[in-house]
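These notes are about the structure you will find just below.
The values are calculated or read from the model by the stated rules, or taken from the named source; none is laboratory data. Computed from a prediction, not measured in an experiment: that's the story for all the values here. Glycine gets a Cβ as well: all are built from the backbone with ideal geometry, and neighbour counts include every protein chain shown. To get the accessible areas, we keep the full protein, side chains included, count just its heavy atoms, and leave off ligands, DNA and RNA. Shrake-Rupley method; radii C 1.70, N 1.55, O 1.52, S 1.80 Å.
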Amino acid sequence: MTIPASNTESTGKHLLVVQASSNRGVAADSDGSLIEFPFRRRSGRPLPGDRIALDSAGALHAIAPRTNVFGRGDPRGRLKPIAANLDQVIIVIAPEPAPSRDLLHRYLAAAAIQGIQPLIVVNKTDLALPDTAPFDELEGFQELGYEVIRTCCTHGTALDCLPGRVAGKTSLMAGQSGVGKSSLLNALIPDLDLQTGALSRVTGKGTHTTTTAILHRLLDGGWLVDTPGVWEYGLWAMAFETLQQGFPEFAEYARRCRFRNCRHQDEPGCAVQAATESGDLPAFRHQAWLRLLAEQQRYRPGKR
Ligand SMILES: Nc1nc2c(ncn2[C@@H]2O[C@H](COP(=O)(O)OP(=O)(O)OP(=O)(O)O)[C@@H](O)[C@H]2O)c(=O)[nH]1
Ligand SMILES: [Mg+2]
Ligand SMILES: [Zn+2]
């Protein structure tokens with residue numbers, strides 16, 4: 001790891017941030033012990049998942065360059081970062097609470113734009129899955145190469161292959177409030193209560209402070225980031241070229257569109273529309289593209 005040079009002397013100890021508030025954080029040592037540390041104005045604000053060094057006074061000294069950041073849009077279209085340096089975003093959906101039309105498309109776009117591998121987890125498979133979107137699109141997603149696995153927390157054995165998918169990686173659990181993220185975490189990490197107990201002793205706060213993202217250590221290596229549930233997940237204001245990175249399967253067609261800045265709406269010579277009409281691209285993805293593109297208008301009044 002390269003930590004940028006600074007005038008302040010570093011202790012040389014490299015730590016992993018497991019939780020961060022506006023002015024303090026908690027980091028884990030390589031042996032698992034937790035250390036609370038204050039930020040300094042010049043050292044920046046770390047995110048859970050950041051690799052950091054503390055100075056000799058025990059305050060934040062430097063943050064290592066990030067490989068990626070996962071975040072969400074706030075109501076004004078600004079990107080609010082949630083966690084850094086992730087290998088995987090686990091997008092949990094369930095029949096209850098039913099996801100909105102585009103929740104999964106937005107999460108998948110955010111992961112692709114930020115260069116993080118997505119994994120779709122359909123939880124609560126003991127309940128009947130509705131034949132509406134996104135459940136009727138899951139096969140289509142799989143054909144496009146997205147990984148979909150099914151889990152059930154009410155039957156302890158029904159975690160399927162999830163343990164193998166998280167081992168050794170840093171994965172973030174994303175999804176609506178109530179889909180079962182914490183239940184999955186509890187099933188994957190038998191000593192989760194001990195971990196959250198240790199964390200609350202360090203911070204002096206109760207165990208139910210899941211208003212921020214928290215990293216939990218997997219027993220066999222790797223980390224799981226629990227995030228506070230959201231009711232709706234929104235993207236942030238971005239250029240349409242960036243949004244297109246969120247639809248990676250469009251790329252090979254988009255470069256053949258007549259216009260370089262083609263938005264694949266109704267332009268002549270659009271290869272993405274042609275591929276959709278011929279069935280090479282599934283219609284549900286092109287329709288989602290058009291809706292997410294339209295959503296972006298709210299951040300750009302008057303612009304097309
Ligand atoms: N039927 C059924 N219920 C489940 C399953 N998994 C979790 N639940 C229930 O769903 C409810 C919500 O589960 P949580 O794990 O708290 O959901 P969460 O995603 O962590 O919610 P937030 O913390 O609010 O974001 C609880 O009552 C769980 O018992 C499942 O596989 N099947
Ligand atoms: Mg939870
Ligand atoms: Zn086009």
Note to self: Only one of Gly234, Gly246, Gly221 is under 30 Å from Ser183 (Cβ atoms) and within 16 Å of ligand 3 (Cβ to nearest atom). Can you tell me which?
What the structure shows: Gly246
Checklist line | Sole exception among (1) assigned by TED's automatic domain parsing to the domain that holds Val121; (2) part of a strand (DSSP E or B); (3) crowded, with 20+ Cβ neighbours inside 10 Å for Lys80, by number | finding: (3)
Next item on the list: Test Val230 against the criterion of being within 13 Å of ligand 2 (Cβ to nearest atom) and buried (at least 20 other Cβ atoms within 10 Å of the Cβ), and give yes or no.
Entry: no
Next item on the list: Go through the residues of region 214-227 one by one and say whether even a single one is touching a residue at least 40 places away in the same chain (Cβ under 8 Å) and on the phi > 0 side of the Ramachandran plot.
Entry: yes
Notebook entry, point to check: Looking only at residues in region 134-153 that are in contact (Cβ under 8 Å) with a residue 60 or more places away in the chain and part of a loop (DSSP other than H, G, I, E, B), which one is farthest from ligand 3 (Cβ to nearest atom)?
Noted result: Gly145
Margin query: Suppose we keep only residues that are assigned to a helix (DSSP H, G or I) and not aliphatic (A, V, I, L, M) within region 272-286. Which one would you say is farthest from Glu139 (Cα to Cα)?
Written below: Gln273
Item checked: Subset of region 140-158 that is small (Gly, Ala, Ser) and modelled with pLDDT under 95 - its residue that is most open to solvent (accessible area, probe 1.4 Å) -> Gly156
Note to self: Looking only at residues that are under 17 Å from the mean Cα position of the chain (by Cα) and assigned to a loop (DSSP other than H, G, I, E, B) in region 239-256, which one is nearest to Glu143 (Cα to Cα)?
What the structure shows: Phe247
Note to self: Restricting to region 100-127, give me the number of residues that are within 16 Å of ligand 2 (Cβ to nearest atom) and open to solvent by 10 Å² or more (accessible area, probe 1.4 Å).
What the structure shows: 1
Notebook entry, point to check: Out of region 176-194, which residues are near ligand 1 (Cβ under 6 Å from one of its atoms) and open to solvent by less than 30 Å² (accessible area, probe 1.4 Å)?
Noted result: Val179, Gly180, Lys181
Next item on the list: Among what's in region 159-201 and is closer than 29 Å to Gly234 by Cα and among the charged types (D, E, K, R), pick the residue that is modelled with the lowest pLDDT.
Entry: Lys181
Check: Which one of these is open to solvent by 20 Å² or more (accessible area, probe 1.4 Å) and at pLDDT 95 or above: Ala288, Ala283?
Finding: Ala283
Margin query: On the basis of being basic (Lys, Arg), open to solvent by 20 Å² or more (accessible area, probe 1.4 Å) and over 30 Å from Val26 (Cα atoms), does Arg201 make the cut?
Written below: no
